[in-house]
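Colleague: Below is a structure I'd like to ask you about.
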Amino acid sequence: MEKARFYAPDDGGVCCLLCPHHCFIKEGGRGKCGSRECREGHLFALSYGKPCSIAIDPVEKKPLNRFLPGTFCLSLSCTGCNLSCRWCQNSSISQVKAGEVEEMRLSPEEVVEICLGRGLPSIAYTYTEPLTWWEYMYDIAVLAHEHGLKNILVSAAYVEKEPLLSLLPYVDAANIDIKAMDESIYRKWCGASLSPVLDNIIAMKDAGVHLELTNLLVTGVNDSSEMISRLCEWLSENGFLATPLHFSRFFPRYRMKDSSTTPVKTLAMAREIALSYGIKDVLLGNI
């Protein structure tokens, strides 16, 4: 059992301080992410050393098109997510609790050895929400840097400042998924909030992390010209004109299986809007 970081004792349990949810977790209970449990007054990271998925991917699949292009990365995932997006594309592993799906046993050292043995230049923490298995990712990332490997974070960036800033010295590149430039959509459709995400994106930029951003255009939710314009306006006003922006096509998944696939013309519209705001590098995905 690996003791978690970023929590404080609370009456009859603990308060998790990893993300803005600040879950109060009673003895024997778990937080929203399903991967952190209170035992005897302490918080434990249940998924530490237990990846549920490991693969070798083109780095462009993350998607990262301007970081080590043409190379492959070791992609790693554990169960858990602190968002509950109704359209989740990986719900079979992100919307389950630790121990509910088949897991492997791999120490940080073994993960790095796999990467080195395959001649891969980078490790991507991906598929679910890596920040919910922060301790495991951190230990791998530190060891990876010691061996000259790059670390890639694929995340929704819903995390508190202290754990983020502790991790950033070991993050070389990140793709951050912005769900919508709207607080009500974040709360209603994802069970989270927007402002911490935007603050964390700026913090990553200030730390010198190579950033690329993704906006999954979900039919009837965040795919209007107004919503896309609000995103592009924020990017323009906050110095992200040179940051690659990916508009990605939605396919019906999870709790939105009756919805419609994003029309390609919607992605084309989004690209034109982004270019009109001066965003220099606009890419379309899942088409």
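No value in this document is a laboratory result; all are computed from the given coordinates. This one's a predicted model, so the numbers in the text were calculated from it and none came from an experiment. Cβ atoms come from the backbone with ideal geometry, glycine included; neighbour counts cover every protein chain shown.
Colleague: Rank these for me by crowding, Leu165, Leu283, going from fewest to most other beta carbons within 10 Å. If you can, show how the numbers build up before the last one.
Modeller: Working: Leu165 14, Leu283 18.
With the fewest neighbours first, Leu165, Leu283 line up as Leu165, Leu283.
Colleague: Filter the GluC sites (Glu not before Pro) in the stretch 34-77 down to the DSSP loop ones having no more than 10 other Cβ atoms within 10 Å, then list what survives.
Modeller: Loop-located and lightly packed - Glu40.
Colleague: Then there is this: Counting pairs of alpha carbon atoms under 8 Å apart in space and at least six apart in sequence, what relative contact order in percent does the chain give? Before the final figure, lay out each step's value.
Modeller: Values: 596 pairs, mean separation 40.6, N = 287.
So the answer I get is 14 percent.
Colleague: Report, in debye and to the nearest 20, how large the dipole of the chain comes out about its Cα centre when Lys and Arg carry +1 and Asp and Glu carry -1 on their Cβ. Please report the intermediate quantities before stating the final value.
Modeller: Details: 29 positive and 34 negative charges, 153 e Å.
So the dipole magnitude of the chain works out to roughly 740 debye.
Colleague: Still on this structure: Check the straight Cα-Cα distances from Lys97 and name the aspartates and glutamates below 12 Å, setting aside those fewer than 8 residues away within the same chain.
Modeller: Glu37
Colleague: Please report the Cα spread of the stretch 92-226 along all three principal axes, rounded to whole Å, starting with the longest.
Modeller: 48, 38, 26
Colleague: What is the fewest-to-most order of Ser248, Ser193 by other Cβ atoms lying within 10 Å of their Cβ? It would help to have the intermediate numbers written out before the result.
Modeller: Numbers: Ser248 21, Ser193 15.
Ascending Cβ contact count within 10 Å gives the list Ser193, Ser248.
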